[in-house]
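To start, the structure itself, in structure tokens.
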Amino acid sequence: MQWAIIVIVLLVVVVFISLTVKVVPQQRVGVVERLGKFHRLLTPGLNILIPVIDQVRINHDLRIQQANVPPQTVITKDNVQVQIDTIIFYQVVGPEQATYGISDYVYGVRNISTATMRQIIGKLELDETLSGREKISTEIRVALDEATEKWGVRIERVEVIDIKPPLDIQESMDKQMKAERNKRAIVLEAEAAKQDMILRAEGDKQSKILKAEGDKEARIREAEGLRQAQELEALGEAAAIKSVAEAEKARIEFLATSGLTEEILAYRSFEALTEVAKGPANKVFIPSNAIETLGSLGAIAEVFKSGKDLKK
């Protein structure tokens, strides 16, 4: 009997302790109600409650969580049905509002996200929808922020995972993309051929320019060499003329110092011509215009002989 009483007491103590002492993990918060009314929040660590009077209504996770929105089929502005998958990242920042502001804030976030998505996609055409994921995500987040502010929930991010157009539209898009790629390849090939022709023409142009400059330089050097040769030749002729003139000058000066005039030299030449003519086989032809000269030479000979006789 005593053992039964001890066991009952121990069970009562254990139950009392379990109802009184609450340990809350990190990043968790508990909502405590006292007699059915909000009383306080249980913070991470050890918390003491009054059994029966205090009850923990719900525990909230304060970490960032994600909610997958089921794929939604929406209609675009140009009447094309597309299926969109989204995911929402949220965080509970007001445990009291999240408990009493809405019965299920995750369900509310999904519904608002779906309704907002239909409104946004209904204003966009298919091409704008496919290329406007960032715009769609931003507008859904703005709409969710306005609604969840009263729920104690903050929307961290909204991501559009996938946008699937109908199969026939997707096939048309694939064909269009293939045609666009082929067109781009043809354009790139033509551009490459154009660049090749330009480079070849530029190379030919540069080659001709270099060749013309080489020919020009060769002609300039040839003309310079010819000019220098002519200058040297002219200098040589000038030097030769100068030498001849100096020799002639020396000869004239020598004749002048020797007392020999032109008449005497002519007479000496005439005597030498006479000696040559004495030979039986020699004939001397005298031009007619030399008769006057010979007459003068006769007079000169007489004067020369008279000079010899006087010396004797």
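The values are calculated or read from the model by the stated rules, or taken from the named source; none is laboratory data. Remember, predicted model here, so these are calculated numbers, not experimental data. Because the Cβ atoms are built from the backbone with ideal geometry, glycine has one as well, and the counts that use them run over all protein chains shown. These accessible areas exclude ligands, DNA and RNA; they are computed on the full protein's heavy atoms, side chains included. Shrake-Rupley method; radii C 1.70, N 1.55, O 1.52, S 1.80 Å.
Report the residue count in the range 89-100 for those that are of a type in the set (Phe, Trp, Tyr) and not in a strand (DSSP E or B). Spell out how you get there, then give the answer.
As a first pass, look at the range 89-100 and keep what is of a type in the set (Phe, Trp, Tyr): 89-90, 100.
Right, trim to not in a strand (DSSP E or B) and you get 100.
Result for the range 89-100: 1.
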Original post:
Of the conditions (1) under 30 Å from Glu128 (Cα atoms); (2) over 32 Å from the mean Cα position of the chain (by Cα), Arg219 fails just one. Which one is it?
Top reply: (1)
Subject >> Total residues in the range 161-184, condition open to solvent by less than 70 Å² (accessible area, probe 1.4 Å) and not in a helix (DSSP H, G or I) >> reply: 4
**OP:** Being open to solvent by 90 Å² or more (accessible area, probe 1.4 Å), under 30 Å from Gln66 (Cα atoms) and among the charged types (D, E, K, R) narrows it down to one of Arg141, Arg227, so name that one.
**Re:** Arg141
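So which of Ser18, Ser103 ends up being in a loop (DSSP other than H, G, I, E, B), out of contact with any Ser or Thr (no Cβ under 9 Å at 6 or more places or on another chain) and among the hydroxyl-bearing types (Ser, Thr, Tyr)? Step through it out loud before you land on a result.
Numbers: Ser18 fails: in a loop (DSSP other than H, G, I, E, B).
Residue meeting the stated conditions: Ser103.
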**OP:** Return a yes/no flag: does the range 76-83 have any residue that is hydroxyl-bearing (Ser, Thr, Tyr) and modelled with pLDDT of 90 or more.
**Re:** no
Original post:
All but one of (1) assigned to a helix (DSSP H, G or I); (2) open to solvent by less than 40 Å² (accessible area, probe 1.4 Å); (3) closer than 19 Å to Asn68 by Cβ hold for Thr129; which doesn't?
Top reply: (3)
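Suppose we filter Val93, Val69, Val109 for residues that are crowded, with 17+ Cβ neighbours inside 10 Å, in contact with a Lys or Arg (Cβ under 9 Å, 6 or more places away or on another chain) and not charged (D, E, K, R); which single one remains?
From the options Val93, Val69, Val109, the qualifying one is Val69.
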Original post:
Would the range 81-88 turn up any residue that is in a strand (DSSP E or B), surrounded by 19 or more Cβ atoms within 10 Å (Cβ to Cβ) and not aliphatic (A, V, I, L, M)?
Top reply: yes
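Here is a list: Ala147, Ala192. Which entry is open to solvent by less than 80 Å² (accessible area, probe 1.4 Å) and over 24 Å from Asp85 (Cα atoms)?
Every option except Ala192 fails the conditions.
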**OP:** Those residues that are within 38 Å of the chain's Cα centre (by Cα) and either of a type in the set (A, V, I, L, M) or outside any strand (DSSP E or B) (or both), I need them from the range 140-160; list them, please.
**Re:** Val158, Val160
Original post:
List, please: which pairs have Cβ atoms under 8 Å, are six or more places apart or on different chains, and start with a residue in the range 163-182 that is farther than 26 Å from Arg118 by Cβ and end with one that is surrounded by fewer than 11 Cβ atoms within 10 Å (Cβ to Cβ) and at pLDDT 80 or above?
Top reply: none
